[in-house]
1. If you restrict to DSSP beta bridges whose two residues both lie in the protein assembly as shown, what percentage is antiparallel, to the nearest 5?
2. What is the total of Lys pairs in the range A:1-117 with C-alpha atoms under 19 Å apart, excluding same-chain pairs fewer than 8 positions apart?
3. Take A:Phe24, B:Phe436 and order them by how many other Cβ atoms sit within 10 Å, fewest up front.
4. Based only on other Cβ atoms within 10 Å, what is the fewest-to-most ordering of A:Leu71, B:Leu144, B:Leu171?
5. Please list A:122-128, B:469-475 highest first by mean number of surrounding beta-carbon atoms within 10 Å per residue.
6. Using a 10 Å cut-off around each Cβ, can you sort B:Arg411, B:Arg352 from fewest to most neighbouring Cβ atoms?
7. Loop-only check: which trypsin sites (Lys or Arg not before Pro) in the range B:210-241 are DSSP coil with at most 16 other Cβ within 10 angstrom?
8. Averaged across B:433-445, how many Cβ atoms of other chains sit within 10 Å of each residue's Cβ atom?
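Bear in mind these aren't lab numbers, they're just calculated from the coordinates by the rules spelled out. Since this is a predicted model, take the numbers as computed values, not measurements. A quick note on method: Cβ atoms are made from the backbone with ideal geometry, for glycine too, and the neighbour counts reach across all protein chains shown.
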Amino acid sequence: MAQSMEHIADIGIQVRGYTLQELFKNSLKEMAQILKEGCCDGVDHYDCSMRIVISSNDTTCLLIDFLSDVLALSYIQKTLFCHVYFSELSATKVDAQLYGIWFDHFDEEIKGVTYHEAAISRNAQGCLETNIIFDL
Amino acid sequence: MKKVQKAHITKLEDYLWEIPKSFREDMRVPAQILASEGLLDAIIKDRSLNQLVNVATLPGIKKASMVMPDVHEGYGFPIGGVAAMDYPEGVISPGGIGYDINCGVQLLASQLQIKDNRDAVEALSKELHAHVPAGMGKGGTIKLTTEQLDEVLAEGANWAVNHGYGTRESLSYMESHGKLNDADPAFVSTMAKNRGLDQLGTIGSGNHFVEVDFVEKTYNNTIAKTYGLQKGQIVLLIHTGSRGLGHQVATDHIRKMMMAMSHYGINVPDRELTCVPFNSKEGQEYFKAMCAAANFAWCNRQIISWEVKNAWENIFGKEGGDLRLLYDVAHNIAKIEMHTIEGTSRKVIVHRKGATRAFGPGFKELPPEYKGVGQPVIIPGSMGTCSYVLAGTSKSHEMTFGSCCHGAGRRLSRSAAKRQANAPVLKEKLREQGIFVEAGSFRGIAEEAPIAYKDVGSVVDVVSASGIAKKVAKLKPVAVIKG
């Protein structure tokens with residue numbers, strides 16, 4: 001439920017999900033895919049689990065802030081997070097457990113997850129969607 | 001919002017174009033573009049000029065929002081943008097600096113000639129690849145404690161020199177002498193510090209590199225001689241920034257400002273333009289953290305230059321001579337500077353995002369021998385093309401708040417570059433041209449292929465013809481080391 005977008009300097013994705021949880025999960029997987037292609041494919045054992053709690057102004061900010069914090073944890077823990085279990089996910093708060101696999105080397109360095117062009121909305125098919133531009 | 005078309009743009013003089021304030025109701029100042037007509041026609045195709053118009057709406061902006069000829073679309077601010085805000089009430093915006101705080105370039109000059117050392121270039125490229133940690137996730141050999149990291153954040157390149165990485169004399173050849181005094185590590189988060197603990201002395205990935213070049217041509221022999229450059233001389237370029245630490249500083253403070261912005265009654269047309277008054281609590285906290293990240297970047301480049309010197313000595317021995325720091329410039333930074341606006345000299349907060357400071361002769365910070373000719377401005381091109389050394393002029397103060405372009409500027413997205421460039425073929429083709437490429441992946445080579453960039457020569461011709469910088473020397477690559 002995601003596709004890549006052209007952006008001259010950076011990488012963009014358009015991500016979708018029928019529920020907020022699905023949108024967040026798909027965004028997480030897409031970011032991991034940019035960091036290391038195919039890293040989450042067929043993974044059924046995780047090396048690392050971490051809790052993440054964030055509050056933001058609105059749901060779009062919450063998604064970007066969630067990805068930013070996951071990105072920072074990925075670099076610090078040398079871990080690619082492929083799966084997330086939500087204890088709470090509201091319009092402005094997320095409390096979740098992340099599950100990831102250790103990696104020594106990533107394919108791509110994402111410098112930041114930007115708010116540029118991010119806006120969660122429901123499309124004609126009833127699906128939540130947003131663009132996300134990553135600064136490389 | 002309506003897209004900027006050529007009909008909306010007025011020519012002010014050769015190479016200077018303007019989108020008037022009347023283009024959009026919320027513009028506080030006009031938007032100016034430094035470009036040739038050919039480059040302008042290309043620039044209009046992406047959304048960078050709409051982003052430039054958005055910058056013109058920010059509170060406290062003075063004179064005009066500006067872009068250099070290497071401009072391309074970014075997020076929030078365009079890459080290649082310059083904006084000066086009134087001090088201290090005007091805003092500071094992390095988006096006007098970028099995630100890679102104090103990304104910049106360092107130029108080292110050798111005493112060797114390419115004609116006598118062509119055979120050693122391949123070995124040198126492999127040695128550099130072995131000595132300089134490159135690529136994503138690669139930590140450096142220096143593992144700092146949090147106390148040591150705080151010292152780096154406060155002292156910048158001085159920390160490196162104090163710990164044996166380079167000479168004290170070299171600090172005079174760095175913008176701001178490699179240290180911003182307003183840095184305060186207390187405003188750098190634990191998360192940011194954790195990301196920086198093992199990253200000192202690493203170049204990272206993307207468009208960052210270490211490059212071996214030779215001086216193919218000199219344009220101004222007097223200035224070239226002053227800078228210690230001569231035809232055929234081998235030089236080395238280092239391009240990197242503040243790594244994950246700086247990225248996290250930007251992320252943390254954009255988030256804080258987003259929460260705070262409404263308290264100051266500020267609305268922005270793009271969330272990546274998030275900003276607060278410079279003299280607000282949040283503005284000061286970001287500025288002090290940004291200065292700390294900038295110091296980390298200067299220390300990083302200083303340590304990489306030490307790694308480069310070790311690799312150099314391993315190949316050439318003592319006969320290889322010294323690698324002298326010619327200059328080190330930042331191209332993603334905000335600084336408090338004095339500029340003349342409407343006939344009055346005043347302090348402004350100059351944001352440079354993908355733009356290089358280009359101060360002219362007489363600037364007191366410059367080392368004595370450069371004072372008469374102006375600051376060296378280093379413009380890297382793409383692998384396979386060429387780079388330039390320019391000299392800043394007094395006209396840059398009049399036109400562009402003492403700023404110049406920072407590179408060639410991208411013309412293709414990374415995905416488009418990967419589709420169009422066959423990396424193994426490109427690597428071999430470059431090798432046939434005498435350019436050795438050492439990279440972590442073919443993907444990295446394809447994304448940074450020369451085809452992805454504008455013609456750096458056209459960009460440099462514009463800044464030279466407009467008078468904001470003088471061409472001094474053209475550098476030709478012979479080895480490129482990438483993450």
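1. 95
2. Lysine pairs meeting both conditions in the range A:1-117 amount to 7.
3. B:Phe436, A:Phe24
4. Arranged by neighbour count, lowest to highest, A:Leu71, B:Leu144, B:Leu171 become B:Leu144, B:Leu171, A:Leu71.
5. The peptides rank, most packed first, as B:469-475, A:122-128.
6. By the 10 Å Cβ count, ascending, the order reads B:Arg411, B:Arg352.
7. B:Lys231
8. Per residue, the number of nearby Cβ atoms from other chains is 1 on average.
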